Protein chains: 2
Amino acid sequence: MAYTAPTRDQLFILNEVLGLERYSNLPGFAEASPDLVAQILEAGGTFAAEVLAPIDRTGDREGCSFKDGEVTTPTGWKEAYAQFVEAGWPALSSDPEYGGQGMPAVVSFAVSECTAAASAAFSMYPGLSHGAYSALHANGSDAQKATYLPKLVSGEWTGTMNLTEPQCGTDLGLIRTKAVPQADGSYRISGQKIWISAGEHDFAPNIIHLVLARIEGAPAGVKGISLFVVPKFLANENGGLGARNGAVCAGLEEKMGIHGNATAVMVYEDAQGWLVGAENAGLKAMFVMMNEARLGTGLQGLAIGSAAYQAAAEFARERLQGRSLSGPKNPEGPADPIIVHPDVRRMLMESRAFIEGGRAFVLWTALQADLQKSPDPATAQKARDFMALLTPVLKAYLTDRGFHVASQAMQVHGGSGYTEHFPVSQHLRDARITMIYEGANGVQALDLVGRKLAANGGRAVMSFFAEVDALVAEIEADPALAVYADGLRGAKAQLQEATFWLMQNGLQNPENAGAASTDYLHLFGLTALAQMWALMAKAAQGRISSGAGDPFYDAKLLTGRYYMERVLPETATHLARLKTGAATMMAMPAEAF
Amino acid sequence: MAYTAPTRDQLFILNEVLGLERYSNLPGFAEASPDLVAQILEAGGTFAAEVLAPIDRTGDREGCSFKDGEVTTPTGWKEAYAQFVEAGWPALSSDPEYGGQGMPAVVSFAVSECTAAASAAFSMYPGLSHGAYSALHANGSDAQKATYLPKLVSGEWTGTMNLTEPQCGTDLGLIRTKAVPQADGSYRISGQKIWISAGEHDFAPNIIHLVLARIEGAPAGVKGISLFVVPKFLANENGGLGARNGAVCAGLEEKMGIHGNATAVMVYEDAQGWLVGAENAGLKAMFVMMNEARLGTGLQGLAIGSAAYQAAAEFARERLQGRSLSGPKNPEGPADPIIVHPDVRRMLMESRAFIEGGRAFVLWTALQADLQKSPDPATAQKARDFMALLTPVLKAYLTDRGFHVASQAMQVHGGSGYTEHFPVSQHLRDARITMIYEGANGVQALDLVGRKLAANGGRAVMSFFAEVDALVAEIEADPALAVYADGLRGAKAQLQEATFWLMQNGLQNPENAGAASTDYLHLFGLTALAQMWALMAKAAQGRISSGAGDPFYDAKLLTGRYYMERVLPETATHLARLKTGAATMMAMPAEAF
C-alpha cells in the first residue's frame, strides 16, 4: 500500500494548536525544539512510508507461520524490524538513564500514528515492547531494570503482556496460572496464556514476557494476582543470553486480520520468573502497561482509519463513473471522477473530520501524559485526572469510529474494495480487533461510568467541563468561530445533562449506568472531538486573520464545520437513548434471546 | 455453524401481522393455506439448518478453485445443491406453466431468509438463477421461455447476470461489450465482464448468462444497451446440451468473504447470444432482475445479521465472565454468564429489534410484490408504488444494519469473535458485500431521492404516509400501544419534514438531494421498521389481551419497546444532518482530499 505521513497536520497540532514551546519546563521538552520535532516527524513519516507500508500487505497475505515452537514472520518483516532498531525508534521517548532519547510522549505518539497507519500488525511488536518497558520502569526492582530496560529500549529484545487465559478474559479474577516461590527468590510459573500478541517471533533473540499469575496460597479473585517477568531466555550476568526458559509458544491463533502479528498461545511449564512489584499487587502494576496499551490501541484505530481514508480519497479522485449532478466536471473523459458525487464526499468528509479531530485528541491526551510530570502539582494533578478520565474514551471512541471509517473507505471503493486487490479489506479486517483487545469497548465504557466519572467526587469531569467552558468563552465572540463555539457548547451541555442523569440514576440502580455506558462514552468522544475542532478552528482562523494564504487552513475550517454540522448532531441520539434506562433490556429473560 | 430457523416468528408475521388468509383472491394464495405455508416454512427451515448450515464454514475456508476455465465449488456444495434441486426449492414461487409451484412471493422470501442465513454464499447460486428466470419470464420470447424457463425452474440449469466491466460499475452507460447481428437472428457477443456471481461452477451442466451488451451502431450511453441470453452450452432441440458456447470463465476474484460463491471474470468471444426484449431496451429488461436482486440482497443482509445474532446470543448465555451489577446470578459458578451485563444486552436487543423488524419489513414488501397482481387496479397500483419506493430502502437499510449487527455479534464474542474458530468473522466478512453489490447503498439512496420520491408527483410517498397515519390512528387510543404509536408518529413527522426539505432544496440544487440521500434513506428505514413494530405490537397485544399466555408475545412487545426507546431516536440525527445541505462538503477542492 501507499502511505503518506500526515506530517504537516501533526506539526500544525503540535506547534499551532497545542503550542509545545510553552512547555519547556517539562522533562524532554527543552530538547524538543520545533526544528528537532519536525525532523523527527519527517524521519518517522518517511520510515513508515518507505519501510513499513511496503511490507504491510505481505504480512496480511503470508501471515506468521508456526513450527515446533518457532514462529517465522512474513517475508521482509525481520529486516524491517532490524531497520527500525537501527534507526533508534524504540528509544524515542524512553528514559535516557537506560539509553532512551527522552523525547516527550506527545512526539512519540505522533510517530506511532505513522507506523501504525503504515502497518498496524508490525507496529504492535514495538508497541508491546514499549508497554513492557513502561511496566518494568514503573514497578521493577533496580536489578530488573538494569537487566531488561536497556535491551527493551534498544529494541534488541522485545516484550509482551500475558493476561488472558481460556476461561479468563475481561474477568482477570479467574486467572489460574500459578507461581511457586523458590529458595532463590524466583518463582516457577505454570499455566497457559492465550492471545499473546507478539508472543513469539524471529525479530529478536529474546522475548521478555510480563505474566499475571497467582502465587500459591494467594487470595481468590483479583486481589491474589501478581506480576512476573518471565524471559524466553534467562539473562546471564554480562547481559547475554543464558538458558532457555520454560516459556514456549504452542501455536498461533487464526484471525480475521493483523495476520502479520503472531498471536500466540503461550505455555509456561515451571518457567523461571521474578516478581515485579509487590505480591498480589500485579493488577495495579500491569495497569501501567494496560493504560499505555489502551492509548496505543485508540491510536491504532485512528491510524488504520487514516490509511483507509487515504486509499479511498485516491480512489475517489481517479475512478471515473457517472456525471456530477451540477454538470460534467471532466467533459473530455468518459465520466467524472466519483469525488464529484455528494454522497462520496459525505463519506470522505465524515472520515476526515474524524481522523483530524481524533489525531488532535490523541496528541492532546499524549500531552497530558507529559504534563503529569509537571513540577506544578496542580497542573500535574489535572493532567492525571484527564488521562484517567479520557483513556477509556480515547480507546473506545477512536476504535469504534476508526473501524467505521475503514468500512466507509471500502464503500467508496465499491466492488473493488471487497476484493483483496485493494488495501481496504485489510484495513477493515485489521481495524476490527482494536474495538476488542486491550479491554473490549463495552468494558471501557463501564470503566468510564463506573470508575472514572465518580473518582475524587467527579473532579476530573468537572475539570473537563471547565476547560470546555473556558474555550467556548474564548472563541464565541468571534463571528468566524461561532459555528465551532455553538457546536461545542451544545455538545457539552448534553454531556453534562447525561452526567447528571448518570449520577442520579446510576447510583440508584447500577444497571442504569451499565445500560447508559456506551452511549455516554460516545457522547463524550463526540464532545472531546468538538473541543479539538474548536481548538483547531481557533488556530486556523488566527492564521487566516493574520494573512496566511495557505489552503491548508481553509480546508481545516471546512472540515471542522462539517464536523459541527454533520457529525455532532449524533449527540442528541445518545442522550435520548441513555436516558431511557435499563428497564426494557433487563426485563427480557435470558432464555428468550 | 448451528442455525435455527425463525419459523415461529415468520408464521407470526405471515398469519397474525399480515393476515395472509385475507388475500385468497391473489394468484397462488388460495392454494397457500396456513397449514401448507407452515409445512413449507418448516421444511425450508429444516433444509437450511441441516443441509446448508453445515457446509457454510467449509465454503469460507476452502473457497472455490479455478483451473483451465473450470470451477470447483467447496467440498459438499455440489451435493447440497443436488439436494436443493431434488427437494424442489428452485420451483417454489415460479410459474406453474414452466413447472413452478406458484407459491406467493411472501412465502418464498420467508424460505429464502433461512437459506441465506444458513449459507449466504450458497444461496446466491439459486438466487441468481431465480433472477435470470424472472428477467426471461418478463421479457423473453415464447421460444426463449420454452427453452430456458423449465430448466431454471427445476434448478437443472442455473443463471447469472452480467453487467459490470472493468471500466463500468454503477455507470452502465460505459458498457463496451459488443453484439454483432448474425444472419440467423442471433448475435455474436464479445467482451469482458467482471464480478459475475455464480458465473461458473460444478453444480449444473449449463449456465444461462444474461448479458448486457451494445449492438454495433447502437447509440452511446444507457440508451444503446441491449439484453442477451448467452448460454454456456447451446440448447439443442430436445432440450439437451448442444455445442459449447464462447462464454468462458477466465478466473475468480479473491474477496474478503462469500468465498463459497464463485465471483467470475467472464470472457465472451464471439459467443452466440439472443436478444431478450427489444433492441436498446436492455437496461429496462435487466431491471426486472436487478430489482429482484436488490430485494434479495436486502434480505441477505438481514439474514446474515440474524445468523450472527444467534451465535452471539448463544455465546452470551454460555460465556462466564464477571458478575451482574445487581448481585451474582450464577453464585455456584466461577462467574455469571455475560448476558447479565446491560451493555451485552444492549447489543443483543439492538440486533434483535433490527432483525425482527427487518424480517417483517421484508415480508411486508414481498406481500406488495404479490399484491401487484391484484385484480383490483387501485390495490395493484398502490403495491407497485410501495415496491418501487421501498426497494432501495430495503436494500440499503437492511444491509447497512445487517453488517452492523454482524459486527455487534463479534463484539459480544470479545476476542473469540476475532478468531476464525467462531462463525462471526465469516458473518461479518460475508455481510460486508451486501452493502456494495446490486447497487452500492449510496446509489440506492440516490435512486430513492432522485427518482422514486418524485415519481408520479410523489404519489408513493404520500400513500406511505397515509398508511402510517391510518395505523397510528388505529392504535393510539390503546394505552398499551401508546409507546409504539408515539414512536411511529414522531418518526413519520420527521420523515415528512425531511421529504418537504428535499422537495424545496433538492429541486433548487440537486447536490442538496445527493448530500441528503443516505441520511434520508436511513430515516426512511427507521420509519418503516417503526411501522412494522407498531403492526407487530398491535398483533401481539391483541393476543395478550385475549388471554394468550405465550412469552413469545411478551418478548415481542419488549423488543418493540426497545426499538422505540433506543433505536428510533436516531431519526433526529438524520434529520438534523440532512438539513445542513451540500454547501460545506462541496466547498472542499477535490485535490484537498
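The values are calculated or read from the model by the stated rules, or taken from the named source; none is laboratory data. Quick caveat: nothing in here was measured; it's all calculated off a predicted structure. So basically every Cβ, Gly included, is an ideal-geometry build from the backbone, and we count neighbours across all protein chains shown. Areas reflect the complete protein model, heavy atoms only, side chains present, ligands, DNA and RNA absent. Shrake-Rupley method; radii C 1.70, N 1.55, O 1.52, S 1.80 Å.
How many residues does segment A:164-188 contain that are of a type in the set (A, V, I, L, M), open to solvent by 20 Å² or more (accessible area, probe 1.4 Å) and outside any strand (DSSP E or B)?
Final tally of qualifying residues: 2.
When segment B:265-302 is examined, which residues are found to be open to solvent by 10 Å² or more (accessible area, probe 1.4 Å), part of a strand (DSSP E or B) and more than 13 Å from chain A (Cβ to nearest Cβ)?
If the condition is that a residue be open to solvent by 10 Å² or more (accessible area, probe 1.4 Å), part of a strand (DSSP E or B) and more than 13 Å from chain A (Cβ to nearest Cβ), then B:Val267, B:Glu269, B:Asp270, B:Gln272, B:Trp274, B:Leu275 are the ones that fit.
Considering only residues that are open to solvent by 20 Å² or more (accessible area, probe 1.4 Å) and more than 8 Å from chain A (Cβ to nearest Cβ), look in segment B:324-352 and name the one that is farthest from A:Gly221 (Cα to Cα).
Looking at the filtered set, the residue picked out is B:Glu350.
Can you pull out every residue in segment A:545-580 that is open to solvent by less than 50 Å² (accessible area, probe 1.4 Å) and either of a type in the set (Phe, Trp, Tyr) or over 30 Å from the mean Cα position of the chain (by Cα) (or both)?
A:Ala548, A:Asp550, A:Phe552, A:Tyr553, A:Tyr562, A:Tyr563, A:Thr580
Being over 18 Å from A:Leu448 (Cα atoms), of a type outside the set (Gly, Ala, Ser) and touching a residue at least 60 places away in the same chain (Cβ under 8 Å) is the filter here; which residues of segment A:361-375 pass it?
Matches in segment A:361-375: A:Leu363, A:Trp364, A:Leu367, A:Asp370, A:Leu371, A:Lys373, A:Pro375.
How many of the residues in segment A:59-81 are touching a residue at least 24 places away in the same chain (Cβ under 8 Å) and assigned to a helix (DSSP H, G or I)?
The number of residues fulfilling the criteria is 8.
For segment A:130-160, what are the residues that are open to solvent by 10 Å² or more (accessible area, probe 1.4 Å) and either on the phi > 0 side of the Ramachandran plot or part of a loop (DSSP other than H, G, I, E, B) (or both)?
Correct list: A:Gly140, A:Ser141, A:Glu156.
Quick check on segment B:431-444. Is at least one of its residues within 18 Å of B:Leu302 (Cβ to Cβ), aromatic (Phe, Trp, Tyr) and touching a residue at least 40 places away in the same chain (Cβ under 8 Å)?
yes
Can we say A:Leu163 is more than 14 Å from chain B (Cβ to nearest Cβ) and within 23 Å of the chain's Cα centre (by Cα)?
On the way: more than 14 Å from chain B (Cβ to nearest Cβ): no; within 23 Å of the chain's Cα centre (by Cα): yes.
No; evaluated as a whole, the condition is false for this residue.
Could you tell me which residue of segment A:241-260 is farthest from the other protein chains (Cβ to nearest Cβ), considering only residues that are aliphatic (A, V, I, L, M) and part of a loop (DSSP other than H, G, I, E, B)?
Checking each candidate, the answer is A:Ile258.
If you take the residues of segment A:189-239 that are polar (S, T, N, Q) and either touching a residue at least 24 places away in the same chain (Cβ under 8 Å) or in contact with a helix residue (DSSP H, G or I) (Cβ under 8 Å, 6 or more places away or on another chain) (or both), which of them is most open to solvent (accessible area, probe 1.4 Å)?
My answer is A:Gln192.
State all residues of segment B:376-406 that are open to solvent by less than 10 Å² (accessible area, probe 1.4 Å) and among the polar types (S, T, N, Q); if no residue qualifies, say none.
Correct list: B:Thr391, B:Thr399.
Taking segment A:545-593, which residues are in contact (Cβ under 8 Å) with a residue 40 or more places away in the chain, more than 8 Å from chain B (Cβ to nearest Cβ) and farther than 26 Å from A:Gly357 by Cβ?
If the condition is that a residue be in contact (Cβ under 8 Å) with a residue 40 or more places away in the chain, more than 8 Å from chain B (Cβ to nearest Cβ) and farther than 26 Å from A:Gly357 by Cβ, then A:Gly581 is the only one that fits.
Of the conditions (1) more than 10 Å from chain A (Cβ to nearest Cβ); (2) out of contact with any Gly (no Cβ under 7 Å at 6 or more places or on another chain); (3) open to solvent by less than 10 Å² (accessible area, probe 1.4 Å), B:Gly305 fails just one. Which one is it?
Status for B:Gly305: all satisfied but (2).
Of all helices (runs of 4 or more DSSP H) completely enclosed by segment A:411-500, which ones contain at least 2 residues that are away from chain B (no Cβ under 14 Å), more than 29 Å from A:Lys579 (Cα to Cα) and more than 21 Å from the chain's Cα centre (by Cα)?
A:459-475
With respect to B:Ser425, determine if the residue is open to solvent by less than 10 Å² (accessible area, probe 1.4 Å), touching a Leu at 6+ places or on another chain (Cβ under 9 Å), closer than 30 Å to A:Val412 by Cβ and not β-branched (Val, Ile, Thr).
Working: open to solvent by less than 10 Å² (accessible area, probe 1.4 Å): yes; touching a Leu at 6+ places or on another chain (Cβ under 9 Å): no; closer than 30 Å to A:Val412 by Cβ: yes; not β-branched (Val, Ile, Thr): yes.
Judged against the criteria, B:Ser425 is not a match.
With respect to B:Glu50, determine if the residue is free of Cβ contacts under 8 Å to residues at least 12 places away in the same chain and closer than 20 Å to B:Pro423 by Cα.
The answer is yes for B:Glu50.
Please go through (1) free of Cβ contacts under 8 Å to residues at least 60 places away in the same chain; (2) under 16 Å from B:Asp171 (Cα atoms); (3) out of contact with any His (no Cβ under 8 Å at 6 or more places or on another chain) for A:Ala316 and return the number of the only condition it doesn't satisfy.
So the condition that A:Ala316 fails would be (1).
Can you pull out every residue in segment A:8-23 that is in contact (Cβ under 8 Å) with a residue 60 or more places away in the chain and either in a helix (DSSP H, G or I) or under 21 Å from A:Ile55 (Cα atoms) (or both)?
If the condition is that a residue be in contact (Cβ under 8 Å) with a residue 60 or more places away in the chain and either in a helix (DSSP H, G or I) or under 21 Å from A:Ile55 (Cα atoms) (or both), then A:Arg8, A:Asp9, A:Gln10, A:Phe12, A:Ile13, A:Leu14, A:Glu16, A:Val17, A:Leu20, A:Tyr23 are the ones that fit.
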